[in-house]
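Right, one structure below, let's go through it.
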């Protein structure tokens with residue numbers, strides 16, 4: 001009887017209420033396939049530089065930021081060629097680094113495989129974070145991941161919407177500008193950023209630099225499980241080269257232009273599985289020709305064109321509750337054409353097909369094992385395998401010890417292989433000399449690296465410690481050597497003066513660590529040191545590529561009252577040689593100070609920063625005779 | 001359906017105090033909370049009310065005796081309850097307790113009536129969120145909150161609770177303009193160490209949640225939420241109110257009313273539960289004590305299996 005009223009009640013159905021959503025399941029958004037491997041499980045030491053640190057460092061380009069990574073040496077042979085090297089001051093061009101920008105390798109094809117221009121062409125303001133994988137990593141990235149991988153992740157277009165304007169000006173003719181516009185929504189978002197960087201480089205050096213950059217990124221989400229990223233960019237660098245008073249190396253302005261296109265499509269196949277297809281293409285052109293004063297009618301020319309193409313398919317999935325795998329296939333092609341560098345009208349180049357696989361196994365909460373291998377068929381170097389094994393033991397939830405061993409290699413650059421630089425008299429057409437000669441039979445450099453590293457995160461003390469002890473043995477090191485025949489046949493223009501050769505082997509042992517401490521909400525301190533020792537098997541090379549016995553950096557980030565932000569960077573290193581010329585650079589100290597004031601505006605925010613580099617006076621960075629003069633500049637940044 | 005209704009009514013007896021449990025629908029959290037409530041009261045044994053359980057469509061339209069307590073589960077049931085009470089004097093005399101409602105929904109609906117009503121809100125007190133953040137994420141001191149029309153009432157209480165623990169509130173308030181969500185979120189993520197989600201149907205709508213989770217993860221900013229569903233979807237932590245928590249609190253009110261002490265004023269959730277998404281936490285390099293330990297440290301009843 002009590003239920004009799006039901007039929008006639010007819011209560012209107014209420015709208016869906018928030019409370020039902022409170023309990024309602026929503027699809028898993030951050031599926032395992034979207035999550036990145038945490039640092040404690042990573043197969044090697046990783047340093048992350050986040051956006052806040054990038055901004056607070058005041059860095060004008062990425063190389064400067066690498067001062068915040070333990071083990072890195074940062075300096076340029078000139079002010080126009082900023083360079084960073086992990087542990088060993090290997091070369092002046094960054095050819096043994098792997099630099100990835102959103103997964104795209106940015107090294108240059110035509111010369112030695114330089115990464116320094118690629119590093120310069122990313123504006124720090126566009127970067128979300130930089131993950132530096134300290135140590136060799138060919139097992140994951142193949143040849144060229146020889147001494148560290150600098151993985152730059154630019155901001156998602158949705159995270160950089162609106163307008164941004166930045167202007168810098170100061171001493172050493174620092175004149176930087178930047179403009180960014182971002183638009184769109186979560187289905188399709190876009191960013192276009194344009195910028196210029198200019199300065200007069202080091203004191204005493206002919207190394208003025210004028211860089212123009214235009215970069216574009218689109219992030220599209222046609223379906224909830226699909227992410228498509230497209231990027232494109234064009235850069236133009238005019239920089240000074242040569243030495244005052246050296247007629248053999250006259251001062252002149254070089255021009256470098258490049259463009260790239262990249263696409264990356266990711267599909268979430270399941271909660272644990274992801275498929276990724278990526279492709280990129282890049283072209284570059286370098287012009288550097290000048291009359292050779294000692295012999296009228298002879299031109300010095302290093303001009304070239306290069307192009308690269310890369311394709312990759314990658315699949316990741318869980319193979320069990322404690323086992324994850326990443327595997328894939330890829331193909332790349334590189335070409336360069338330069339009559340000046342290769343003495344042939346046709347392009348030189350190579351292609352490489354690759355397969356890679358990586359397993360992460362977590363049998364217990366305490367252990368993570370990472371094993372991987374990269375197998376490639378290189379048209380010049382032949383086939384190679386780069387394996388890796390790393391064991392991570394989490395002896396407490398806050399502390400991890402890693403043990404690992406891996407083999408890496410660097411496939412030789414086109415210049416090292418095909419280089420044939422000749423100088424002709426014009427208009428007679430007579431050969432007057434030859435300089436570099438490559439060797440088609442040159443062997444790839446190989447590296448075997450062993451490490452024991454430690455990662456501690458003591459939250460109750462607000463303290464983090466990252467320590468790595470390493471032993472890195474390089475064999476078949478490639479370098480330019482004087483051709484013994486050249487002196488024996490002095491005056492014979494057909495004998496090349498310098499040869500690329502596998503010159504020897506060395507071992508570098510050392511210990512690096514970084515301590516991070518945030519004693520209060522307004523203070524962050526970072527202290528890092530690297531102690532290393534390099535021994536060549538051939539004592540004749542004993543003073544080549546010698547790292548400093550000790551290098552230290554202190555970074556102090558402090559928020560002060562009145563929305564003032566202070567950064568103090570102090571670094572010192574012992575004496576070292578950057579290049580094979582065995583030129584000993586004296587020990588140095590450098591202090592940088594940045595003070596910034598930020599404020600809110602009606603429709604955005606603003607920051608005015610004052611930066612002094614080399615506060616303690618002029619310092620020798622990468623080459624004797626050239627000084628980083630004390631440099632001060634103001635930066636105004638407006639963001640909407 | 002009528003059978004279910006009759007079965008529930010079998011225990012009704014004129015001598016027993018009658019308690020009505022009005023559901024928004026038959027499934028979901030409301031039905032679960034109502035069932036848990038009955039179990040709790042029956043296990044306790046001190047009271048043995050006669051239950052009438054069902055949706056409003058199943059409950060008597062014109063009862064002869066007014067119930068001693070009318071508990072609605074969910075905002076829809078509460079809204080219909082008010083409508084019924086206003087047109088049915090017998091029901092209008094009964095004290096009404098709104099359970100499984102947010103404070104915002106309750107305050108939105110309750111002023112429309114001069115009825116005796118109170119509530120057990122789903123919302124957790126701001127101090128509890130602040131304490132959870134301090135315990136679980138002591139390094140994440142700048143707490144970003146995106147307030148919307150429903151959640152903005154918590155602003156000053158939360159700011160005080162955070163300040164008392166050495167944390168800072170960074171806030172953005174969303175006006176009615178939907179498009180303002182992402183710009184506000186972006187600027188919060190620029191500054192905040194952690195993003196705290198408070199119940200707000202405009203900000204944390206099912207359409208917005210996936211995008212907010214992705215945006216926060218891209219910036220490596222952990223999201224701490226009020227919803228266990230968010231923790232499953234990708235928030236690192238949730239301090240949420242379960243149907244069981246609601247049932248316990250309603251049982252206490254029920255005892256108070258049935259023992260003649262009257263209807264207490266509305267209260268925030270007395271209890272809560274912690275959900276941890278270990279995979280996301282691990283990926284962000286965060287390690288927490290277990291949800292049970294966290295619950296204990298912020299003085300929540302230990303989660304029961």
Relative to chain B, whose Cα atoms define the longest principal axis, helix B:126-136 and its Cα axis are tilted in degrees, nearest 10, by 50
Relative contact order in percent for region B:149-247 (Cα pairs under 8 Å, 6+ apart) equals 21
Fewest to most Cβ atoms within 10 Å: B:43, A:238 sort as B:43, A:238
In degrees, nearest 10, the alpha-carbon axis of helix B:181-191 is tilted away from the dominant principal axis of the alpha carbons of chain B by 50
Two pseudo-spin positions, 7 Å from Cα along C-beta at residue A:48 and at residue A:494, lie apart in nanometres by 6.1
Using alpha carbon centers only, region A:157-205 is separated from region A:353-410 by a whole-angstrom value of 37
Zone reached by a paramagnetic label modelled 7 Å from residue A:311 Cα along Cα→Cβ, restricted to region A:195-221 with backbone N below 16 Å, covers none
With -39,500 (n - 2.57) per DSSP H segment of 4 or more residues and division by the full residue count of the protein assembly as shown, the 222 nm estimate, nearest 500 deg cm²/dmol, is -4500 deg cm²/dmol
With Cα coordinates, the longest principal axis of chain B makes an angle with the long axis of helix B:75-87, in degrees rounded to 10, of 40
Plugging the Cβ-Cβ distance of residue B:263 and residue B:299 into 1/(1 + (r/R0)^6) at R0 = 22 Å yields, to the nearest 0.05, a FRET efficiency of 0.25
Note on region A:16-108: contact order normalised by length, alpha-carbon pairs under 8 Å, 6 or more apart, percent, works out to 12
Taking R0 as 25 Å and r as the Cβ-Cβ distance between residue A:469 and residue B:278, the FRET efficiency 1/(1 + (r/R0)^6), rounded to the nearest 0.05, comes to 0.20
Partner shielding of B:274-284, as the mean number of partner chain Cβ atoms within 10 Å, equals 3
In whole angstrom, the spacing between the Cα centers of region B:256-278 and region A:88-128 equals 59
Each residue of B:74-83 has, on average, a number of other protein chain C-beta atoms within 10 Å of its C-beta equal to 4
From the Cα centre of region B:112-152 to that of region B:20-59, the distance in Å is 27
Between residue A:610 and residue B:46, the two model label points (7 Å from Cα along the beta-carbon direction) sit apart by a distance in nm of 7.1
Output field shielding_mean for A:394-400 (other chain Cβ, 10 Å radius) holds 1
Restricting to Cα pairs under 8 Å and 6 or more apart, the percent relative contact order of chain A works out to 11
Neighbour-count ranking for A:588, A:299 (other C-beta within 10 angstrom, fewest to most) reads A:299, A:588
Expressed in nanometres to one decimal, the distance between label points 7 Å along Cα→Cβ at residue A:173 and residue B:35 is 7.9
Most exposed first, judged by fewest Cβ atoms within 10 angstrom, A:611, A:213, A:566 run A:566, A:213, A:611
Most packed first (mean Cβ within 10 Å per residue), the peptides A:132-138, A:335-341, A:261-267 order as A:132-138, A:335-341, A:261-267
Full extension between residue A:220 and residue A:481 adds, at 0.36 nm per residue less the Cα distance, a length in nm of 88.9 nm
Rounded to two decimals, the Debye log10 I(q)/I(0) of region A:201-325 (Cα scatterers, no solvent) at q = 0.12, 0.18, 0.21, 0.22 Å⁻¹ is -0.67, -0.99, -1.15, -1.20
Between residue A:598 and residue A:359, Cβ-based FRET efficiency (R0 35 Å, step 0.05) works out to 0.15
Per the Cα gyration tensor, region A:36-639 corresponds to an equivalent ellipsoid with semi-axes, largest first in Å, of 36, 30, 26
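Readers should treat all values here as calculations from the given coordinates under stated rules, not as data from a laboratory. Because the structure is a prediction, the values reported are computed rather than measured. Virtual Cβ from ideal backbone geometry, glycine too; neighbours counted across all protein chains shown.
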